[in-house]
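The values are calculated or read from the model by the stated rules, or taken from the named source; none is laboratory data. For clarity, every value in this text was computed on a predicted model and none was experimentally measured. Neighbour counts run over all protein chains shown; Cβ positions are idealised from the backbone, glycine included.
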Amino acid sequence: MLVVMEKGTSEEKIQAAVNAIEKRGYTARPIPGGDRVSIGILHNKGSVDAAHFLGLDGVKEVIPVTKPYKLVSREFQQENTHVKVGDAVFGNGSFPVIAGPCAVESEEQVMSIANSVKDAGAKLFRGGAFKPRTSPYSFQGLGKKGLELLAKVREETGLPVVTEVMDVETFDLVEEYADVVQIGTRNMQNFSLLRRAGKSERPVILKRGMSAMLQEWLMAAEYIMEEGNNNVILCERGVRTFVRHSRNTLDLSVVPAVKKESHLPIIVDPSHAAGVRDQVISLAYASAALGADGIMIEVHNNPEEAMSDGAQSLYPEQFFKVMKKMIAIHDIVGKK
Ligand code: PEP
Ligand code: MN
C-alpha cells in the first residue's frame, strides 16, 4: 500500500501520517518523489484498509501495491534511482563504464590495467580480492592484500573501486576498502549477506543469480533496501541455458523488463555472460545500444597469464577501441 501525499505537504503532516501508519503496527517508509512524497506501508500481514489513511490531513490518495516486492518497485517510486559513485551516476541516463581484471594479482598488474582503462574513459575500477571459484584448487584471490592494492589504485588514479564481498564474516573488511561492494551471482540469495549489505553505507552491485527469475532477483534487492540501503545497482551477467557456444546466455531483454518493474539502475556484464572475448565485444555494443545504465567489463594487461577469466578479458587496446565505438553508438541512440 502506498499513501500518496498532496504536492508540497508539510513535514508535520507527513510525520503525522507516518505516526498513524505505525500506530497500526505497520512500518512506514517515506519515499521522496519528484514533486510529492509517498509513504510506503511495509510489514503488513494481509491487506491494509485504505480507509484508515484516506481521511488524514495531506493525504491525496491511497494506492494498493500489486507486486510482491515493494521498495524496489516502480509502484512505490516512479522516478529512477540515481546511484552516485565518484563522478559517475548510475540511473540518470548516462553510461558509466566499470573495467578491470577478474582478480587482483599484483601491484604491477592492477596499476597497469587501471591506468589503461582510465585513459580509455572508464569511471570505476573493478578487481576481485576474494574470488568465488568453482574449484577449491583455483586461485582464491589475494584477500586483504588485494584490498590494499585496490586502495592504492584509488589513491593513484582517483578511480573508485568495485570489489566482491563473499560472506558476512569479511563484510566489514571489504567495505572498509571498497567504494562499491559487489554481491556475485552465486550469492544472490544469500539472505544474511543481503541483509548485511543493506546495513552498509556503500552502494551495492547485485548480480543476477545464474538461474534467477526477474522476480527472485528483485526480491533479493528488496532485502538490501528493506534494511535501509537504497543504493542498489542490478547487474545482468548472463544466465545458464542449454547452449555451449558461450559461458552463459546474456539476457538482454531483462534490461527493459527491469526498467518497467523497478526504479533501480541496471548495468550489464558481458564478460561473464560470454566467457570469450570476441563475444564480449559484440555484447558490449549491444548493451550500449540497449539503454542499460552502465557496463562492467573485464580487462587484463596479460590475459594469457591471468589467474582467472583470461579468455574473456579484453586486451587494453581492444578495450580502448570498444570504448570509442560505444561512444559512437551512444551518439546514434541519443545517450550521454
Ligand atoms: C566477477 O565479477 O568476477 C564474478 C565472479 O562474477 P559472477 O558473480 O557474475 O560470476
Ligand atoms: Mn571474472
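What's the total number of residues in region 134-148 that are in contact with a helix residue (DSSP H, G or I) (Cβ under 8 Å, 6 or more places away or on another chain) and within 16 Å of ligand 1 (Cβ to nearest atom)?
Pass one, region 134-148, residues in contact with a helix residue (DSSP H, G or I) (Cβ under 8 Å, 6 or more places away or on another chain): 142, 144, 147-148.
Those still in the list that are within 16 Å of ligand 1 (Cβ to nearest atom) too: 142, 147.
Summing the residues that are in contact with a helix residue (DSSP H, G or I) (Cβ under 8 Å, 6 or more places away or on another chain) and within 16 Å of ligand 1 (Cβ to nearest atom) in region 134-148 gives 2.
Which one of these does Y137 not meet: (1) among the aromatic types (F, W, Y); (2) surrounded by fewer than 18 Cβ atoms within 10 Å (Cβ to Cβ); (3) modelled with pLDDT under 95?
(3)
Can you tell me which residues in region 19-28 are of a type in the set (K, R) and either closer than 23 Å to N92 by Cα or assigned to a loop (DSSP other than H, G, I, E, B) (or both)?
Quick first cut of region 19-28, residues of a type in the set (K, R) only: 23-24.
If the condition is that a residue be of a type in the set (K, R) and either closer than 23 Å to N92 by Cα or assigned to a loop (DSSP other than H, G, I, E, B) (or both), then R24 is the only one that fits.
Does A289 meet the test of being surrounded by fewer than 21 Cβ atoms within 10 Å (Cβ to Cβ), more than 15 Å from ligand 2 (Cβ to nearest atom) and hydrophobic (A, V, I, L, M, F, W, C)?
Values: surrounded by fewer than 21 Cβ atoms within 10 Å (Cβ to Cβ): yes; more than 15 Å from ligand 2 (Cβ to nearest atom): yes; hydrophobic (A, V, I, L, M, F, W, C): yes.
Judged against the criteria, A289 is a match.
Mind checking which residues of region 292-314 are more than 11 Å from ligand 2 (Cβ to nearest atom), buried (at least 20 other Cβ atoms within 10 Å of the Cβ) and of a type in the set (D, E)?
D293
Listed here are the residues, each with its yes/no results for (1) in a loop (DSSP other than H, G, I, E, B); (2) among the polar types (S, T, N, Q); (3) within 16 Å of ligand 1 (Cβ to nearest atom); (4) surrounded by fewer than 16 Cβ atoms within 10 Å (Cβ to Cβ).
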{"residue": "F95", "(1), (2), (3), (4)": "yes, no, no, no"}
{"residue": "I98", "(1), (2), (3), (4)": "no, no, yes, no"}
{"residue": "Q109", "(1), (2), (3), (4)": "no, yes, yes, no"}
{"residue": "S116", "(1), (2), (3), (4)": "no, yes, no, no"}
{"residue": "A122", "(1), (2), (3), (4)": "yes, no, yes, no"}
{"residue": "P132", "(1), (2), (3), (4)": "yes, no, yes, yes"}
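Go over the candidates V258, V299, V268 one by one and state the one that is at pLDDT 95 or above and over 22 Å from K84 (Cα atoms).
Numbers: V258 fails: over 22 Å from K84 (Cα atoms); V268 fails: over 22 Å from K84 (Cα atoms).
Answer to the check: V299.
May I ask you to list the residues in region 272-309 that are within 16 Å of ligand 1 (Cβ to nearest atom) and free of Cβ contacts under 8 Å to residues at least 60 places away in the same chain?
Our first condition is that a residue be within 16 Å of ligand 1 (Cβ to nearest atom); within region 272-309, this holds for 272-277, 279-280, 283-284, 287, 292, 294-300, 303, 306-309.
Within region 272-309, A273, A274, G275, V276, R277, Q279, V280, L283, A284, S287, P303 qualify.
Got a sec? Which strands (runs of 3 or more DSSP E) wholly within region 36-90 have at least 1 residues that are modelled with pLDDT under 95? Can you show your working first?
Working: elements: 37-42, 59-63, 83-85, 88-90.
The qualifying strands (runs of 3 or more DSSP E) are 37-42, 59-63.
Going by the structure shown, is K70 outside the structural domain of G228 (by TED's automatic domain parsing), crowded, with 16+ Cβ neighbours inside 10 Å and of a type in the set (K, R)? Break it down into steps so the answer makes sense when it comes.
Details: outside the structural domain of G228 (by TED's automatic domain parsing): yes; crowded, with 16+ Cβ neighbours inside 10 Å: yes; of a type in the set (K, R): yes.
So K70 fits the description; yes.
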